[in-house]
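Engineer: Got a structure here, written out as structure tokens. Questions coming.
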Amino acid sequence: MQKNDQFTVTITDYTSEGLGVGKTDGFAWFIKDTVIGDEVIAQATKVKKNYGFARVVRVVKKSPNRVTPACPIAGPCGGCQLQHMNYEAQLAYKEDRVYNNLLRIGEVNPDLLDQVFEEIVGMKEPFHYRNKAQYPISRDRNGRLIAGFYAGRTHSVVAAERCLLGVKENEFLLKTILAWMEEFHIAPYDETSGKGLVRHVLLRKGFRSGQIMVCLVINANDLPHKEELIRRLTCGIPAPAAAKHSAGEKENLKFSAESRNSIHVDSISFSVNRERNNVIMGTKIVNLHGPGYIEDSIGSIRFRISPLSFYQVNPVQTEQMYGAALEFADLKGTENVWDLYCGIGTISLFLSQKAKKVYGVEIIPEAIRDAKENAKLNGIKNAEFYTGAAEEVLPEWYEKHPKERIDVVCVDPPRKGCDEKALETILKMAPEKIVYVSCDSATLARDVKYLRAHGYELRHVRPIDNFCHTVHVEVVSLLQRLSSD
Ligand code: SAH
């Protein structure tokens, strides 16, 4: 088989990137936008020795799980890899991936795995769940100003003012900003020439507070005609659709204190980014309206979110995730807890309500600054935060406090998983419980294998769908110490 050859194939599996897998005479094909059970005519786009990539020419027989993507630009945008699958099939795919990683990479025996593996926690309404969106601003072929996303792995912008993952307000905010740009002849930034002003628009919404933030990332030190922008964004943008929510969407908005039919922006700022790079935010933020942040809450903990703050993007599912961490930790109020990779201290503060003491560590100094402020904002005094790499801070701390009893260690590492040095120190601390929050089940499985080989047993595995329609899946799991020496 060669490039451009066409063939018929039935999809029987998925890759971890969400591509469909089908075989012809034992040769594996990876095919985008296909569903298990589809029979498709495909055209080879790349042929390697043992496998190849192909694209769908025509679906001959549809899988019962195939649906027409709800978003008209799901294909070119590339942000959602799974919109052509119904939601149940998406959840099953994610569950299988976590299960198989723990089975194959983690070498957890199937009997145990079946015992501890819980059903994935999906969303009732898997759209409009993101509280944050960063839209590059550009012009389309007709010279019209657009806000959207970079298509696939390219740098051309696909207009997506009505992205179905973001909140409905985004569309109206973007329209207001683009109309202001058009009227005052404010140019979008052009990556090739490095000219133009507006690079990105960052939009955030507190689902519980209803507060909205707008931050323009610009290629200059000041924003022209800013007074007019502020006026337009704060005077109440009519947004009929924002007031009208579908039945399912109310789940996401049971959080929202708001049922306004016009949008008021609570925080407006700009960020200066004059570098010719593909980093979105500049480090300098100039506040134009409001206190410089919005507030939101997860459970009963309030958070201050400024333009540069990290904050989980799906608040509904984050609450499920932290709820699982709290449930698995099963704190009685006497425990000392470590929260590694703590970000802005969300899990630490969540756990501190039920623990004696919580220590958090995180590598980004600004996040630790936010964590400390958030602790203060909530009157939490039993949380202490350290800036640095977990694999350095934890061993140093342990050396100084070898006698201090640590009951629970919670980890929420980036995709590459926990550093071995961090895991070694956890073993020395010998906590009764390790709560492992993971955004990559392959590295979770690797670390579970290590911990199981060193005296811990897997007790719970609960996948959580935080990023519906994308290939990502979170997992909260519990490992418990076997011996009680
Ligand atoms: N638990 C937080 C954040 C989890 S994301 C929350 O739920 O919001 C993972 C975090 O690990 C990021 O904030 C990242 O900056 C941090 N990180 C990455 N490498 C690290 C390391 N070696 N040591 C400590 N933190 C690290």
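Engineer: Can you pull out every residue in segment 315-365 that is among the charged types (D, E, K, R) and not in a loop (DSSP other than H, G, I, E, B)?
Structural biologist: Matches in segment 315-365: 319, 327, 339, 357, 362.
Engineer: Hey, another quick one. How many residues, within segment 309-352, are within 12 Å of the ligand (Cβ to nearest atom), among the hydroxyl-bearing types (Ser, Thr, Tyr) and farther than 20 Å from residue 118 by Cβ?
Structural biologist: So the count comes out to 5.
Engineer: Moving to a separate point now. So which pairs qualify, if the first residue must be in segment 319-330 and in contact (Cβ under 8 Å) with a residue 40 or more places away in the chain and open to solvent by less than 50 Å² (accessible area, probe 1.4 Å), the second must be within 11 Å of the ligand (Cβ to nearest atom) and aromatic (Phe, Trp, Tyr), the Cβ gap must be under 8 Å, and the two must be at least 6 apart or on different chains?
Structural biologist: 325/350
Engineer: What's the number of the condition residue 418 fails, among (1) surrounded by 16 or more Cβ atoms within 10 Å (Cβ to Cβ); (2) more than 12 Å from the ligand (Cβ to nearest atom)?
Structural biologist: Failed condition: (2).
Engineer: Note down all Cβ pairs under 9 Å where the first residue falls in segment 150-166 and is more than 16 Å from residue 189 (Cα to Cα), the second is open to solvent by 30 Å² or more (accessible area, probe 1.4 Å) and in a strand (DSSP E or B), and they're at least six residues apart or on different chains.
Structural biologist: 151/157; 160/149; 163/149; 166/132
Engineer: If only one of 294, 298, 305, 364 is open to solvent by less than 20 Å² (accessible area, probe 1.4 Å), within 10 Å of the ligand (Cβ to nearest atom) and within 23 Å of the chain's Cα centre (by Cα), which one is it?
Structural biologist: Exactly one residue qualifies, and that residue is 298.
Engineer: Which numbered condition trips up residue 397, out of (1) within 11 Å of the ligand (Cβ to nearest atom); (2) surrounded by 18 or more Cβ atoms within 10 Å (Cβ to Cβ); (3) in a helix (DSSP H, G or I)?
Structural biologist: Only one criterion is unmet by residue 397, namely (1).
Engineer: Here is a list: 384, 424, 457, 404. Which entry is closer than 24 Å to residue 323 by Cα, open to solvent by 50 Å² or more (accessible area, probe 1.4 Å) and more than 13 Å from the ligand (Cβ to nearest atom)?
Structural biologist: 384
Engineer: Also: Return the residues of segment 430-446 that are outside any loop (DSSP other than H, G, I, E, B), away from the ligand (no atom under 12 Å from the Cβ) and in contact with a strand residue (DSSP E or B) (Cβ under 7 Å, 6 or more places away or on another chain); say none if nothing qualifies.
Structural biologist: The answer is 433, 434, 441, 444.
Engineer: So which residues in segment 212-262 are modelled with pLDDT of 95 or more and in a loop (DSSP other than H, G, I, E, B), if there are any at all?
Structural biologist: The answer is 219, 220, 221, 222, 223, 224, 225.
Engineer: Here's a follow-up. If you take just the helices (runs of 4 or more DSSP H) that sit entirely in segment 47-136, which of them hold at least 1 residues that are surrounded by fewer than 13 Cβ atoms within 10 Å (Cβ to Cβ)?
Structural biologist: Because the criterion is at least 1 residues that are surrounded by fewer than 13 Cβ atoms within 10 Å (Cβ to Cβ), the helices (runs of 4 or more DSSP H) in segment 47-136 that meet it are 87-104, 110-116.
Engineer: Tell me which of these residue 154 doesn't satisfy, since it passes every other one: (1) open to solvent by 60 Å² or more (accessible area, probe 1.4 Å); (2) in contact with a strand residue (DSSP E or B) (Cβ under 7 Å, 6 or more places away or on another chain).
Structural biologist: All conditions pass for residue 154, except number (2).
Engineer: Applying the selection to segment 261-271, what residues are of a type outside the set (S, T, N, Q) and surrounded by 20 or more Cβ atoms within 10 Å (Cβ to Cβ)?
Structural biologist: If we filter segment 261-271 for residues that are of a type outside the set (S, T, N, Q), which is where we start, we get 263-266, 268, 270.
Within segment 261-271, 263, 265, 266, 268, 270 meet the criteria.
Engineer: Just give me the residues in segment 265-310 being within 17 Å of residue 177 (Cβ to Cβ) and either modelled with pLDDT under 90 or charged (D, E, K, R) (or both), in sequence order.
Structural biologist: 266
Engineer: How many of the residues making up segment 13-32 are among the β-branched types (Val, Ile, Thr), closer than 26 Å to residue 443 by Cβ and either open to solvent by 70 Å² or more (accessible area, probe 1.4 Å) or not in a loop (DSSP other than H, G, I, E, B) (or both)?
Structural biologist: Narrowing segment 13-32 to residues among the β-branched types (Val, Ile, Thr): 15, 21, 24, 31.
Now restrict to residues that are closer than 26 Å to residue 443 by Cβ: 15, 21.
Add one more test, that the residue is either open to solvent by 70 Å² or more (accessible area, probe 1.4 Å) or not in a loop (DSSP other than H, G, I, E, B) (or both), and what stays is 21.
Count: 1.
Engineer: Could you please give the count of residues in segment 271-285 that are touching a Leu at 6+ places or on another chain (Cβ under 8 Å) and farther than 7 Å from residue 217 by Cβ?
Structural biologist: Total satisfying the criteria: 2.
The values are calculated or read from the model by the stated rules, or taken from the named source; none is laboratory data. Here the structure is a predicted model, which means the values were calculated and not measured. Glycine also receives a Cβ, built like all others from the backbone with ideal geometry; neighbour counts cover every protein chain displayed. All accessible areas refer to the heavy atoms of the entire protein, side chains included, with ligands and DNA or RNA removed. Shrake-Rupley method; radii C 1.70, N 1.55, O 1.52, S 1.80 Å.
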